[in-house]
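Note sheet for the following structure.
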Amino acid sequence: MKEIILTPKELPDVGLIAETITPDLFAGKSIGKIASLLIFAGNQRKKLGDFFEVAGKSADDASDTRIVIKGDITKVKMVGKGTKAGEIVIEGSAGMYVGEEMRGGKITVLGNVDSFAGQTMRGGELVIKGNAGDYLGAAYRGDWRGMRGGVILVEGNAGAETGLFMVGGKIKIKGNCGTFAGVHMKKGLIIIEGQTPERAGAEMTGGSIVVMGDTDILPTFAPVNEEKNPEIDGEKLKGTFQTYSGDHAERGAKGMLYKFV
Amino acid sequence: MQESLSKRCTVASDVVCPFCGTLCDDIEVDVKDNKITDVRHACRIGTAKFFSVLEEGRPTKPLIRKNGVMVETTVDTAVKKAAEILKKSIRPLLYGWSSTSCEAHAHGIAIAEEVGGVIDGTTSVCHGPSVLAIQDVGCPSCTLAEVKNRADLVIYWGCNPMHAHPRHLSRYTIYPRGYFRERGHQDRELIVIDVRKTDTAKIANKFIKVDYGRDYELLGAIRAAVNGNEINAEVVGGVTKEEIQKLAEKLKNCQFGVIFFGMGLTMTSAKHRNIDNAICLTKDLNRHTKFSIMPMRGHYNVTGFGEVLTWQTGYPYAVDFSTGYPRYNPGETSANDVLQRGEADAALIVASDPVAHFPRKSVEYLAKMPLIYIGPHHTPTSLLADVFIPSTFVGIETGGTAYRMDTVPLYAKKVVDGPKGVLSDEEILERIYKEIVRGK
């Protein structure tokens, strides 16, 4: 695998829209060509090289290309948008929309990410070592099909409305999760190893949510039974879980909520 | 206008009141020597708005900040300075728009596109959550005329029209005699759901007190009851299961029901998910009877801004033109988010007062950047402005189109002439636009 190393220079306060930072666009391009890719700083059309030192070498094929970003890029949005193959490693915190519309490959963020990470993701792997913001793996505004496939792993905490309108894939949060986890969910799996205050699975009609920590369950969920070491979507869980079906505010809802007891 | 001999003044009739989203269009205004002497039919708030044009110390000359002091200048200089600020900025914010005409909105959007800015309306701190919910789950709505002629069950949830929209009940919902509701309020039932017994609740047939921030759970429980599902709790949001089931039966068995909701739903706890659940409840009820839902829009033309922006860009508020095409995502492109992340570097504020109403952190950023303010009054925002261009009152001193809360457009008439030399928002914005594109 060949590596391209991006070192951020001084980044402007207005924020950057850098949807061009993806292995698919870097593959087969020289350093000079990569440095001249389009980036928006506010309403200014700029070049990637204006904000990043570009070094290394890219492979001919996206799947052989790894992009390493050395440092914090909290003001940079849409890194890895629509990634189909290859790898991105962000050695710091990232801004909004990391891995938005991702279809394959792998993105690893060593720090935190802002909101809308993995929005409408279809495939691939998004690993966040720090915390994630709101709308992790959610749908775009007004879309009733959110995350369709792939895996999101958060080692810290996640914000509100994680997995909004989820129709497939897997989200695993090792820390705590904000309110409305899996709201309007239709399919897929969300595992919250910490606690989530309330309203997990609100208006869900399908899919599964597992909560290991404390949570207040909505009055429109009905207790079903206790399950020991259940296996959900190929994920083996250890311990005894109280299961609830819901959300029965919806007609014919078949969602399942597993609460660790 | 007709001559009224007894009072020796002209009477403007069928005037549209430019205050709230109810947009009453039956106001009569007496005018003598280009001065408003009496206002009839309007509520107290509307009347006060008409008389506010006579306010003492009203600004009539554009002001521009020089060495920290606001000095009087000409409109031409102020327009030039405003255009210069907007052209230089790399992420300008254009905010406000709810208390001006759709004609002014069109020019504002043209400026936003030309300078690659972010344009947002007061919707973003008001019924923005309603918009998000409507985009997620749709909105079975109707016009206020339908409510007047057909509704036999009216619900006000998290709003207090007796104070905020004083003529809403008498013009459209409870008191008027409608085509199918010949006996007026005797043919209708009013239910108020709120966290406290408001003045609207006091006149209701039924008042349901919900616990603070528990509207979402209550809405879900009512939906479960309407859909014939079990509620897994004895009390939800302070309301007993029996009461919820009785309410669900009542909703299912009315002939034409309507839910009006306000900030009590949009700005508490679950925010847009409250509205989402309320809309889904309306959808569920339509399996049994006819039900509609409508937001109680505040400023008289806040709906109009959403309409104009949607027709021009496809999105109703928080539109970002920085990449050359409209992008929309409240949370990223809404005014407070752009300010609190410190992205904006100049602002044009029209017909609103964010300095008085935004969170402190947003105002701190607004204070740091060059600020252009267009509006008829001195406000906290005008005090922070670097360029202040006073304008006329739309619907009193200038005509213009406005949209009622049920998205019915009405033409707000001109009643009196504005102060000499003061232009309308529309004219000022058009001149700024022309200045920006000049020489391009």
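The values are calculated or read from the model by the stated rules, or taken from the named source; none is laboratory data. Model, not experiment: these values are computed from the prediction. Here Cβ is always computed from backbone atoms with ideal geometry, including for glycine, and neighbour counts include all displayed protein chains. Accessible surface areas use protein heavy atoms only, side chains included; no ligands, DNA or RNA. Shrake-Rupley method; radii C 1.70, N 1.55, O 1.52, S 1.80 Å.
Below, the figures for the structure above:
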item	result
Amide H contacts under 5 Å for A:Gly168, placed H, 5+ residues apart	A:Lys187
Percent accessible area from carbon and sulfur atoms, region B:2-54, protein chains only, probe 1.4 Å	50
A:Val224/A:Leu153 FRET efficiency (R0 25 Å; Cβ-Cβ; nearest 0.05)	0.35
Counting DSSP beta bridges with both ends in chain A, the antiparallel % (nearest 5)	35
Radius, Kirkwood style, for region B:2-54 when every pair of distinct Cα atoms is counted (Å)	11.2
Sparsely packed trypsin sites (Lys or Arg not before Pro) within region B:272-314, loop by DSSP, other Cβ within 10 Å at most 11	B:Arg287
Chain A: most fluctuating residue of A:Lys187, A:Lys57, A:Lys228 per GNM, C-alpha cutoff 10 Å	A:Lys228
Qualifying trypsin sites (Lys or Arg not before Pro) for region B:129-234 [loop in DSSP, other Cβ within 10 Å: at most 15]	B:Arg177, B:Arg183, B:Arg196, B:Lys197
Region B:315-326 - phi-based ³J(HN,Hα) in whole Hz, Karplus 6.51/-1.76/1.60, Gly and Pro as x	10, x, 6, 6, 9, 10, 9, 4, 8, x, 10, x
Interchain or long-range residues, amide H under 5 Å from B:Leu94's placed H	B:Val118, B:Ile119, B:Asp120, B:Leu348
Mean ellipticity per residue at 222 nm, deg cm²/dmol - from DSSP H runs of n ≥ 4 across chain B, formula -39500 (n - 2.57)	-9500 deg cm²/dmol
Interchain or long-range residues, amide H under 5 Å from A:Ile90's placed H	A:Ile69, A:Thr108, A:Val109, A:Leu110
10 Å binning of all Cα-Cα separations within region B:165-260, expressed as whole percents from 0 upward	15, 43, 31, 11, 0
Label-to-label distance, nm, for residues given as B:Asp211 and B:Glu114 (7 Å Cα→Cβ offset)	5.5
Relative contact order (%) - region A:43-181, alpha-carbon pairs under 8 angstrom, separation at least six	15
Inter-label distance for A:Lys70 and B:Arg40, nm, one decimal - labels placed 7 Å from Cα along Cα-to-Cβ	8.1
Mean accessible surface per residue for the protein assembly as shown, computed with a 1.4 Å probe while every protein chain stays in place, in Å²	38
For chain B: relative contact order, % (alpha-carbon pairs under 8 angstrom, 6 or more apart)	24
Karplus (6.51, -1.76, 1.60) ³J(HN,Hα), θ = phi - 60°, over region B:164-171, in Hz, Gly and Pro reported as x	8, 10, x, 9, 4, 6, 7, 8
Heavy-atom SASA rank of B:Asp337, A:Asp233 (probe 1.4 Å, accessible area, largest first)	A:Asp233, B:Asp337
Prolate/oblate/rounded call for region B:128-295, Cα gyration tensor, a/c under 1.5 rounded	rounded
Partners for B:Lys209 among aspartates and glutamates (Cα-Cα distance below 18 Å; same-chain residues under 8 apart left out)	B:Glu189, B:Asp194, B:Asp199, B:Glu217, B:Glu234, B:Glu242, B:Glu243
Computed [θ] at 222 nm, helices only, for chain A once each DSSP H run of length n ≥ 4 contributes -39500 (n - 2.57)	-1000 deg cm²/dmol
Percentage relative contact order, chain A, counting C-alpha pairs under 8 Å, at least six apart	10
Spacing of the two label points (7 Å from each Cα toward its C-beta) at B:Ser170 and A:Lys254, in nm	5.6
In order through region A:121-138: 3J(HN,Hα) via Karplus (6.51 cos²θ - 1.76 cosθ + 1.60), integer Hz, x for Gly, Pro	5, 10, x, x, 9, 10, 10, 10, 6, x, 9, 10, x, 6, 6, 6, x, 9
Stretch gain in nm, segment B:His378-B:Gln255, where the contour uses 0.36 nm per residue and the Cα spacing is subtracted	39.4 nm
Centroid-to-centroid separation of region A:39-90 and region B:190-205 [C-alpha atoms, Å]	56
Viscosity 0.692 mPa s, temperature 37 °C, Stokes-Einstein D of chain A from Kirkwood C-alpha radius, µm²/s	176
Violating pairs (Cα-Cα greater than 24 angstrom) within the set A:Lys172/B:Lys241; B:Lys368/B:Lys420; B:Lys81/B:Lys434; A:Lys77/A:Lys106; B:Lys206/B:Lys290	A:Lys172/B:Lys241; B:Lys368/B:Lys420
Prolate/oblate/rounded call for chain B, Cα gyration tensor, a/c under 1.5 rounded	oblate
